[in-house]
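The block underneath contains the structure these notes are about, expressed in structure tokens.
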Amino acid sequence: MRLRRSQVGATGFRRVGRGRGFSYTDGNEPVDDPAVLARIKELAIPPAWRNVWICPYPNGHIQAVGTDAAGRRQYLYHQQWQAERAEEKYDRVLNLARMLPQWRADLLADLGGRGLNRGRVLALAQQLIDRGYFRAGGEEYTQENGSFGLATLLRDHVRIRSDCVDFDYPAKSGVRRTVSVDDPLVVRAVRALLRAPTDIPRLLVYRTPEGWCEVRADDLNERFRELTDVQFSVKDLRTWHGTVLAAENFAAAREPTSKTVRRREIAAVMRCVSEELGNTPAVARGSYVDPRVVDAYEQGMAIRAALNRVPREGVRPPGRRGERDRPIDPAYRPGTALNCTAGCGLRRLGSIDASRDPRAPVRHAGRPARDRRYRLRR
């Protein structure tokens, strides 16, 4: 289908409350065409939306617009438009993956410095996103919902043990999230921040000649783009990790010998990815896992073949039937090729050799035990 650009607010249908349901108008005339009403019903516009506008064309790229209960403008896009934008997003993330080794080298150089200058603190923040899959953290979410991301974390959310930093905080949607990061450079930098002579309650602050400044989510994205490319954001990094986590778990999953097995294995993998990212399985699959990874698994292809050809120390291939239930040791070290897709069914996702480099383990604590088949030892 060839899509057309929707003109929001122009000629279109309006929703009007009628008792327990709704009716629809076209100007001053009621909409009574069964085909149009069926299309509107399929859009599943949330009942709580107000001031709803509906595109009169089935091929409009925006199908409906409304205002939610929080006063935010919301959009429903055509499924084809969403699919095209999603493919562009995941292709962009693949391009990011090829830049990650150099990006990590730059981070280590900044993080290994001294003092709490802007460069070192932003390097710490990005290292934490890379290790612990933190969201950037917008001010509006903290003010409106009391939820936190990396930029808005408070000192009270952090505890240091001898060789580990523990984070415990209310994340998006009020869900408690606990993350532990084992990394000497991270521990040293966080310890310095907790000792900083400032009354600012935020964890991430940096010193300037004029005084102490808080790190904002925009600062994280700005620095990330400086080190990678203007088209990327830190959310792309979370998307990359979600895709890699899914690929790794699919390598340990049972072969999709039936629709039931395939459905259960995919659901289990998405649960694991969502636990790591701190969201729901539906959000993980819809926004953070490249659908081509899922398609490849459904076709019987996974990164297992690539793993079997990686003779690097610390990488244990999943093995054959009966052995693949063992946990996989990702061996996230510089140069490790666990995530390499060359020669396997994921070739079309591009080469991602050595693109993921957490040198030290990340332990996500305080969550329900996962199926051993999908547990990734870090």
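Quick check: residue separation of residue 7 and residue 70 times 0.36 nm, minus the Cα distance between them. What number comes out in nm? Let's see the in-between values first.
On the way: separation 63, 0.36 × 63 = 22.68 nm, distance 2.41 nm.
Between residue 7 and residue 70, full extension yields 20.3 nm more.
Given the convex hull over the Cα atoms of the stretch 33-121, what projected area results after averaging over all orientations, in nm²? Present the calculation step by step, with values, prior to reporting the outcome.
Numbers: hull surface 37.9 nm².
Seen from a random direction, the Cα hull of the stretch 33-121 projects 9.5 nm² on average.
Fewest neighbouring Cβ atoms within 10 Å first, the residues 33, 26, 110 line up as 33, 26, 110.
Summary value for the stretch 113-227: 29 percent relative contact order, contacts being C-alpha pairs under 8 angstrom separated by 6+ residues. Going from the fewest other Cβ atoms within 10 Å to the most, the residues 147, 162 appear in the order 162, 147. If R0 equals 25 Å, the separation of the Cβ atoms of residue 79 and residue 267 corresponds to a calculated FRET efficiency of about 0.70.
Counting 0.36 nm for each residue step from residue 41 to residue 162 and taking away their Cα separation leaves a gain of 37.8 nm.
Across the stretch 148-274, Cα-Cα pairs more than 26 Å apart make up 40 percent of the total.
Note on residue 235: lysines with a C-alpha under 26 Å away, same-chain residues under 8 apart excluded, are 89, 172. In plain terms, the residue of 99, 270, 1, 301 with the fewest other Cβ atoms within 10 Å comes first and the most crowded comes last, giving 1, 99, 301, 270. Taking θ as phi - 60° and the Karplus parameters 6.51, -1.76 and 1.60, the scalar couplings of the stretch 78-94 work out to 4, 4, 5, 4, 4, 5, 5, 5, 5, 4, 4, 4, 6, 5, 5, 5, 5 Hz in sequence order, x denoting glycine and proline. Remark: the stretch 200-216, residue by residue, has Karplus-estimated 3J(HN,Hα) of 5, x, 5, 6, 8, 9, 9, 9, 10, x, 8, x, 8, 10, 7, 7, 10 Hz, where x stands for each Gly or Pro and the curve is 6.51 cos²θ - 1.76 cosθ + 1.60 at θ = phi - 60°.
Taken together, the values in this text are just the output of simple stated rules run on the coordinates, not laboratory data. Predicted model only: the values in this text are computed from it and were never measured. In this analysis, Cβ positions are derived from the backbone assuming ideal geometry, glycine residues included, and neighbour counts consider all displayed protein chains.
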